[in-house]
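The values are calculated or read from the model by the stated rules, or taken from the named source; none is laboratory data. Just so it is clear, the model here is predicted, and its values are computed rather than measured. Every residue, glycine among them, receives a Cβ derived from its backbone with ideal geometry; neighbour counts consider all protein chains shown. To get the accessible areas, we keep the full protein, side chains included, count just its heavy atoms, and leave off ligands, DNA and RNA. Shrake-Rupley method; radii C 1.70, N 1.55, O 1.52, S 1.80 Å.
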Amino acid sequence: KEGEEGSLHLTEAAARFDQSLSGKLSELLKISGPALKKGKSRVFYGIHEDFPCVAIVGLGKNNAGVCGAENWDTSKENIRQAVSAGCRLLQDLEVKHVEVDACSDAQSAAEGAVLGLFQYDQLKAKKKTKVSAQLHGSADTALWEKGVLYAEGQNLARLLMEAPGNHITPTTFANIIEEKLAPHVERVTVKKRSQAWIEEQHMGAFLSVSKGSDEPPVFLELHYSGAPDSTQAPLLLVGKGITFDSGGISLKPSPSMDAMRADMGGAATVCASVVTAAALKLPINIIGLAPLCENMPSGKATKPGDVVTAKNGKTIQVDNTDAEGRLILADALCYGHIFNPAAIVNVATLTGAMDVALGSAATGVFTNSDWLWQQLHRASVVTGDRVWRMPLFKHYTTQVTDSQLADLNNIGKYSRSGGACTAAAFLREFVTAPHWAHLDIAGVMSNKDEIPYLRKGMSGRPTRTLVEFAAGLAHSDTLIGCNTLGVASQD
Ligand code: BES
Ligand code: ZN
Ligand code: ZN
């Protein structure tokens, strides 16, 4: 750990380790080069009989804490980054077991280890060494385990997003989630709704997207009952589950089209959050909904200019079949209201415009509720997987309600301008609940090297923020004793 410029500060565990070696570690650190800057590392071999390889990583400034400008807890981020770097160094040495220094925050250390070690290589002959990371010492085991569950939740979302579209279809997606929830049967029910059910529900917008594909759609419905009062109003999570987005008849260009296998990132992060909430036994009721289908061109596909009718009776002119996420979410949001949720949060890789606006720094949040915004923002400061508030002005609504043939148009009339905002305004037309947030995760869908503790690939963001948000609701008294929250903040 780096203290003041150049001086050496060891973490508690490292200092104890150093002591047990009569100062050999600090000695070696001094003679092996300049003081370790944040993220820089050294590996020592053969210095301790129980630990053949020891990785030491610079943690950066001591007690950096929450940074108002960065909107995250810098200490936690530094720990995730350093632990991840150390674990990867040892993984490259083909070490099978790693003991990790808690760095005075065992949860962040566990997250750094488990997120940092993850690699999707199921389909390759040559695989990375499977490393089991454990906490060094016996203090803080509960926090360590909590961090492991948060990170494993994100890794589940990464796996689902990264896996190719021919492996993750609506059906296999639903089966995997059902399997992951199997250990929690006493508190969880899984409903895999078929095309016939979707038709009975009059989800015309959802069906208009799936009809171009030979792969049957699935409407996945998860119920987690963790609240002591089983009648307590649930948190409703809704995720966009396009298992492949070709664009449909408004076909996308070929370069990078493969990335659209991750267009179920909303469904992946939402379902992974429900799995994690169940594993953590959070005292809250959660309903997770995921409309799952492919968006494909074919002789049966929806054509530009077609008009479809959503579950709530509103008609939609589909001028661009590539703006399909809002169509499937429209029906899922209408349906979700029957559960009388305390809050609705939908998550979607909705618009390329969101990536243009914020890049991969933060998830864009469009919400009609200041309370919900505060809850989400607080959670994201803790996890470092940040959110940033975006506008839901009437200005944008008028751009989607102006349609030649129908009540709504699925693209804004100034098509490219404010694309993330017009998409959000469109979704709002299907929400009557006072506490709703739409999270556009298109910008944070994949990682090159921006988040140092995530390898290149689909990111699984912002699963940990969703879990921390649900945990925050569960442990606050806002939800207890009331069936619905607050008063409508909509006009
Ligand atoms: N899934 C895409 C959005 C997307 C793009 C996610 C890049 C992640 C990375 C979405 O279905 C889409 O194609 N949106 C269109 C909307 C447009 C036609 C109004 C877009 O953003 O171009
Ligand atoms: Zn699309
Ligand atoms: Zn899409």
Point-to-point label distance, V356-E94, nm (Cα→Cβ direction, 7 Å offset): 4.9
Candidate lysines - alpha carbon under 28 Å from K394, same-chain residues fewer than 8 apart omitted: K240, K311, K314, K413
Value of [θ]222 nm, deg cm²/dmol, for the chain, DSSP H segments ≥ 4, -39500 (n - 2.57) each, nearest 500: -11000 deg cm²/dmol
Ranked order, H395, H136 - accessible area, probe 1.4 Å, largest first: H395, H136
Globularity index of the chain, i.e. its alpha-carbon radius of gyration over 2.2 N^0.38 Å: 1.02
The range 340-475: C-alpha pair distances exceeding 21 Å, %: 42
Those lysines that a straight Cα-Cα span of less than 23 Å connects to K40, excepting residues fewer than 8 apart in one chain: K1, K24, K30, K61, K76, K96, K128, K448, K456
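Quick check: from the Cα gyration tensor, does the range 247-301 come out rounded (a/c under 1.5), prolate or oblate?
Prolate, because a/c is 1.5 or more and a/b exceeds b/c.
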Span per principal axis, largest first, for the Cα atoms of the range 27-141 (Å): 45, 38, 28
Inter-label distance for H395 and N320, nm, one decimal - labels placed 7 Å from Cα along Cα-to-Cβ: 1.9
Hydrodynamic radius (Kirkwood) for the range 146-287, which is based on Cα pairs only, to one decimal in Å: 16.0
Rg/Rg_globular for the range 148-188, with Rg_globular taken as 2.2 N^0.38 Å and Rg from C-alpha atoms: 1.25
Alpha carbon centroid spacing (whole Å) that separates the range 220-292 from the range 381-450: 17
Coil-residue trypsin sites (Lys or Arg not before Pro) of the range 343-437, DSSP, other Cβ within 10 Å capped at 12: R416
Cβ-Cβ FRET estimate between Q19 and Q374, R0 fixed at 41 Å, reported to 0.05: 0.35
Accessible area (Å², 1.4 Å probe, nearest 10) - D385: 0
P(r) weight above 14 Å for the range 53-115, C-alpha pairs, percent: 54
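Please report Rg over Rh for the range 85-220, where both radii come from the alpha carbon positions and Rh follows the Kirkwood definition.
Rg divided by Rh gives 1.10.
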3J(HN,Hα) from dihedral phi, the range 28-34, Karplus parametrisation 6.51/-1.76/1.60, rounded to Hz, x for glycine, proline: 4, 5, 5, 7, 8, x, x
Shape of the range 92-158, Cα gyration tensor, a/c cut at 1.5: oblate
Rounded tilt (10° steps) of 370-383 against the dominant C-alpha axis of the chain: 30
Rounded tilt (10° steps) of 74-92 against the dominant C-alpha axis of the chain: 70
Rounded if a/c under 1.5, otherwise prolate or oblate - the range 292-382, Cα gyration tensor axes: oblate
For the range 227-232, 3J(HN,Hα) per residue [Karplus equation, 6.51 cos²θ - 1.76 cosθ + 1.60, θ = phi - 60°, Hz, x = Gly/Pro]: 6, x, 9, 5, 8, 4
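Give the average over all directions of the projected area of the C-alpha convex hull of the range 378-446, one decimal, in nm².
Dividing the Cα hull surface by four gives the mean projection, 5.8 nm².
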